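First the structure, in the form of structure tokens, and then the observations on it.
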């Protein structure tokens, strides 16, 4: 259980800010947004005088409206709405405004879309986009280090991401890491659960569009807004700062209206987490026929034992600097331009210290086996009669990760009464680099370990390990087994351009307008990877922890997991992680001088070079898309019906290259082997490449039946595709194990992968009432084929002329996801007194069917075909209170258990994440018009 408290200060001066209701109201008022543009043709003197008078009158009216709101707030008005001049305009402000905006977007869209607006995110303890999306029906997330991370929509994880409608992705991925986008930069974030022909293809789960602020969204004049938050977490007793600053100016010029905006944010999430876990359950002895398996009596050969038990402590920080810059020019009522760029960065430093013991082995002796009634293990003692110690011990890792992502785009829009033309061009580039160093120790003096997998020493029952004959308190008993370091760099570029036309054809006919357009993209993606290993395989004679520390000048530290309610959790020793990283040159010199078995890249260099040829790749992908879409409207049996129908054509082509050592072939065409039965390599690294070209046709159709002005039924059919990720497409085959053994496995990429295909059917019944009320009930069916999944299957391997297991990404068979969604949003405006300031926001998602027919040699067991990442139940409920001076929310989020991955060896023992729930609350006070104070808490 995590407890988090947040203190927030938000200030705005003449600003539209997420927590500045005065400025928000002024921006929402129609006259404050609809400004007179520069005239399209020169005016005469009398006309110019009249135009100036009209402009002055409208500015004065807007000023009086703004002043009325300010006075209402200063007086502590008891309503989050106010009447405009003459008592005609009703302007909604505060939290109500954000909910109303999201509701109206859903109501007016031809698609099925839900959204969260900035006011909604700003008044909750939402650190990033995934946490804000967790409150949307049908969206499920997981969390790491106290933050929202991966997003799934209706049980599927292949999500398309866009920023202001333009495609955006992280290095090496098809989607942007939404956790790197702070909530402070958001104007809104939309979840499109269906796709129309004019939208970018991809994302069979749906599309998440992150809408950042632009200067013409704000009121005229200078805008300054900022916020600062300090978050305290009781897990690890950490504090984390969050800060943002917005500067913008909107003004008139002789050539039209212009605006500039800079919006920056800095966040730092400090974490310190402790855990104990058992992982990867397998049959005793790991595989049928192993020495341990054969040594068991028949009644125990089906016993399932976790592969390893780990005590762990992870600490570190993630810093995320980000910046959005935007320029807009509205030349006249018909023509405007946008130039903008964004930067999202992440800097992570991670310390991971583990005490890990392999509890399921293929050699050695098991004794004192106690099983549960279902045949799983309760406790066991493992002994190794050989020298070299137990398989396991302390393992520590120090890692640095750096991510930089840049997006730039140019847009221009022109329209007349009948025609609209939009043009856009974007160029994005991103890079992610990771480097880590690792140390691992064994205990040669101990030969036995006892494991109780359901011990009372762990809260709720969990694994507890006792090392027999080993004194963990003496660092001299720790023998260095392995030193490892590794680096990897992903780098991507993307260029895209689009041209879109909309032609209005009729006001009364069946076809009201017609859309068509094209889009071209070119994307490059590459990955370079290298590693080094140094082993002291005879740990009985290898250097001790104290020796290594004294020779390298690195201190020794003790680690004990802080697990609430646990008893007798072990303490272990290792070299100080930070010093180990900073003094790694001394470590390298020591292992070279003391006879370690070296592998991988050159140990005399500061970091490893690109040695793992199979993981590295360089790929280029191009796409051309063209679409046409009609917008129709008619009446049937007196019921107005409108919607869209369209078709998108997409041609995708590209190349994928990797590299590997070429094998020498004999006269018979088979791979040559040396006297030890190992393959003979050429000394020259050979580049291997492949090409691909395919076409997709993506039809879509929507219809909205308006039974009454407030009750409507929305229907939708879409066909969509999701392209394979770049890593899976690498052209690589590693035959080493298959050459060495008749049962050896071939490891490979798969450049022949096809896109995942999906047919999506939706229906949503929606009732709209009041100023922001909504009740909806929806159902959906997703039929997909070709889910991409790494799996092992036996097949003919021509290089060795034999049948071998081949582990590689493959397209799976058909899958199906069926579900229901319900949603209720309203404020109780009909109640008297202070009760009218309360509201409720609730949604619930039910997924009774989520199956997947996986490829490969997979046993058919109960729940073995369940789709991963899919919770059967998820929901949110929030109690709201909103006035201009005081607002608050008490929110609860729930997600039922889900399969974290599908184990293709033993699918019946795939790992599941338990039910998770989250309770958070926020109180926001606006004592003066330019400042909001917030206190937030999360459990």
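Are any of the residues in the range 777-798 closer than 24 Å to residue 203 by Cβ, more than 29 Å from the chain's Cα centre (by Cα), modelled with pLDDT of 90 or more and surrounded by 15 or more Cβ atoms within 10 Å (Cβ to Cβ)?
No, because not a single residue in the range 777-798 is closer than 24 Å to residue 203 by Cβ, more than 29 Å from the chain's Cα centre (by Cα), modelled with pLDDT of 90 or more and surrounded by 15 or more Cβ atoms within 10 Å (Cβ to Cβ).
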- Over the range 550-587, the set of residues free of Cβ contacts under 8 Å to residues at least 40 places away in the same chain and farther than 19 Å from residue 350 by Cα is 550, 551, 552, 553, 585, 586
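Is it true that residue 539 is buried (at least 19 other Cβ atoms within 10 Å of the Cβ), in contact (Cβ under 8 Å) with a residue 60 or more places away in the chain and over 37 Å from the mean Cα position of the chain (by Cα)? Show your work before the answer.
Working: buried (at least 19 other Cβ atoms within 10 Å of the Cβ): yes; in contact (Cβ under 8 Å) with a residue 60 or more places away in the chain: yes; over 37 Å from the mean Cα position of the chain (by Cα): yes.
So residue 539 passes the test.
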- Message: Condition first: in a loop (DSSP other than H, G, I, E, B) and either crowded, with 18+ Cβ neighbours inside 10 Å or at pLDDT 95 or above (or both). Now tell me which residues in the range 613-645 satisfy that.
- Response: 613, 615, 616
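Residue check: is residue 297 out of contact with any strand residue (DSSP E or B) (no Cβ under 8 Å at 6 or more places or on another chain), assigned by TED's automatic domain parsing to the domain that holds residue 215 and under 30 Å from residue 448 (Cβ atoms)?
Working: out of contact with any strand residue (DSSP E or B) (no Cβ under 8 Å at 6 or more places or on another chain): yes; assigned by TED's automatic domain parsing to the domain that holds residue 215: yes; under 30 Å from residue 448 (Cβ atoms): yes.
Yes.
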- Task: For the range 542-554, name all the residues that are in contact with a strand residue (DSSP E or B) (Cβ under 7 Å, 6 or more places away or on another chain) and either in a loop (DSSP other than H, G, I, E, B) or surrounded by fewer than 14 Cβ atoms within 10 Å (Cβ to Cβ) (or both).
- Result: 542, 543, 554
- Conditions (1) in contact with a helix residue (DSSP H, G or I) (Cβ under 9 Å, 6 or more places away or on another chain); (2) under 25 Å from residue 271 (Cβ atoms): number failed by residue 230: (1)
- Check on residue 711, surrounded by 15 or more Cβ atoms within 10 Å (Cβ to Cβ) and modelled with pLDDT of 90 or more: no
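Matching residues to (1) surrounded by 21 or more Cβ atoms within 10 Å (Cβ to Cβ); (2) under 32 Å from the mean Cα position of the chain (by Cα); (3) assigned by TED's automatic domain parsing to the domain that holds residue 479:
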| site | (1), (2), (3) |
| --- | --- |
| 416 | no, no, yes |
| 419 | no, no, yes |
| 425 | no, yes, yes |
| 428 | yes, yes, yes |
| 431 | no, yes, yes |
| 435 | no, yes, yes |
| 438 | no, yes, yes |
| 443 | yes, no, yes |
| 453 | yes, no, yes |
- Item | Odd one out for residue 115, checked against (1) free of Cβ contacts under 8 Å to residues at least 40 places away in the same chain; (2) under 30 Å from residue 850 (Cα atoms); (3) more than 16 Å from the chain's Cα centre (by Cα) | (1)
- Note on the structure: Per the filter on the range 458-482, residues over 30 Å from residue 583 (Cα atoms), assigned to a strand (DSSP E or B) and in contact (Cβ under 8 Å) with a residue 60 or more places away in the chain are 462, 463, 464, 465, 467, 468
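Among the strands (runs of 3 or more DSSP E) lying completely within the range 837-939, list those that include at least 1 residues that are more than 28 Å from residue 225 (Cα to Cα) and either at pLDDT 90 or above or under 21 Å from the mean Cα position of the chain (by Cα) (or both).
838-852, 873-882, 886-895, 916-928
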- Query: If you scan the range 352-368, which residues turn out to be buried (at least 17 other Cβ atoms within 10 Å of the Cβ), in contact with a helix residue (DSSP H, G or I) (Cβ under 9 Å, 6 or more places away or on another chain) and in a strand (DSSP E or B)?
  - Reply: 352, 353, 366
- Query: Based on what the data block shows, is residue 567 assigned to a loop (DSSP other than H, G, I, E, B), closer than 30 Å to residue 456 by Cα and assigned by TED's automatic domain parsing to the domain that holds residue 455?
  - Reply: yes
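Would you call residue 495 assigned by TED's automatic domain parsing to the domain that holds residue 634, farther than 22 Å from residue 617 by Cβ and either surrounded by fewer than 21 Cβ atoms within 10 Å (Cβ to Cβ) or touching a helix residue (DSSP H, G or I) at 6+ places or on another chain (Cβ under 8 Å) (or both)?
Numbers: assigned by TED's automatic domain parsing to the domain that holds residue 634: yes; farther than 22 Å from residue 617 by Cβ: no; either surrounded by fewer than 21 Cβ atoms within 10 Å (Cβ to Cβ) or touching a helix residue (DSSP H, G or I) at 6+ places or on another chain (Cβ under 8 Å) (or both): yes.
So residue 495 fails the test.
Could you tell me whether residue 590 is under 30 Å from residue 235 (Cβ atoms), in the same structural domain as residue 352 (by TED's automatic domain parsing) and either in contact with a strand residue (DSSP E or B) (Cβ under 8 Å, 6 or more places away or on another chain) or touching a residue at least 40 places away in the same chain (Cβ under 8 Å) (or both)? Walk me through it before giving the result.
Numbers: under 30 Å from residue 235 (Cβ atoms): no; in the same structural domain as residue 352 (by TED's automatic domain parsing): yes; either in contact with a strand residue (DSSP E or B) (Cβ under 8 Å, 6 or more places away or on another chain) or touching a residue at least 40 places away in the same chain (Cβ under 8 Å) (or both): yes.
For residue 590, the condition - under 30 Å from residue 235 (Cβ atoms), in the same structural domain as residue 352 (by TED's automatic domain parsing) and either in contact with a strand residue (DSSP E or B) (Cβ under 8 Å, 6 or more places away or on another chain) or touching a residue at least 40 places away in the same chain (Cβ under 8 Å) (or both) - is not met.
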- Message: If I go through the range 245-290 residue by residue, how many of them are in contact (Cβ under 8 Å) with a residue 60 or more places away in the chain and within 22 Å of the chain's Cα centre (by Cα)?
- Response: 6
- The residue that is nearest to residue 882 (Cα to Cα), considering only those in the range 799-821 that are surrounded by fewer than 16 Cβ atoms within 10 Å (Cβ to Cβ) and either touching a helix residue (DSSP H, G or I) at 6+ places or on another chain (Cβ under 7 Å) or in contact (Cβ under 8 Å) with a residue 24 or more places away in the chain (or both), is 820
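Which residue, of 500, 533, 485, is crowded, with 19+ Cβ neighbours inside 10 Å and in contact (Cβ under 8 Å) with a residue 12 or more places away in the chain?
Residue meeting the stated conditions: 485.
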- Task: Kindly list the number of the only condition in (1) in contact with a strand residue (DSSP E or B) (Cβ under 7 Å, 6 or more places away or on another chain); (2) closer than 24 Å to residue 356 by Cβ; (3) surrounded by 18 or more Cβ atoms within 10 Å (Cβ to Cβ) that fails for residue 307.
- Result: (3)
- Item | Looking only at the range 276-294, and only at residues there that are out of contact with any strand residue (DSSP E or B) (no Cβ under 6 Å at 6 or more places or on another chain) and assigned to a loop (DSSP other than H, G, I, E, B), the one that is surrounded by the fewest Cβ atoms within 10 Å (Cβ to Cβ) | 289
- May I ask you to list the residues in the range 579-594 that are at pLDDT below 90 and surrounded by fewer than 17 Cβ atoms within 10 Å (Cβ to Cβ)? 592, 593, 594
- Specify which of the listed residues (230, 184) is over 30 Å from residue 645 (Cβ atoms), at pLDDT below 95 and crowded, with 24+ Cβ neighbours inside 10 Å. 184
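The values are calculated or read from the model by the stated rules, or taken from the named source; none is laboratory data. No experiment lies behind these values; they were computed from the predicted model shown. Reconstructed Cβ throughout: ideal geometry from the backbone, glycine too, with neighbour counts over all protein chains shown.
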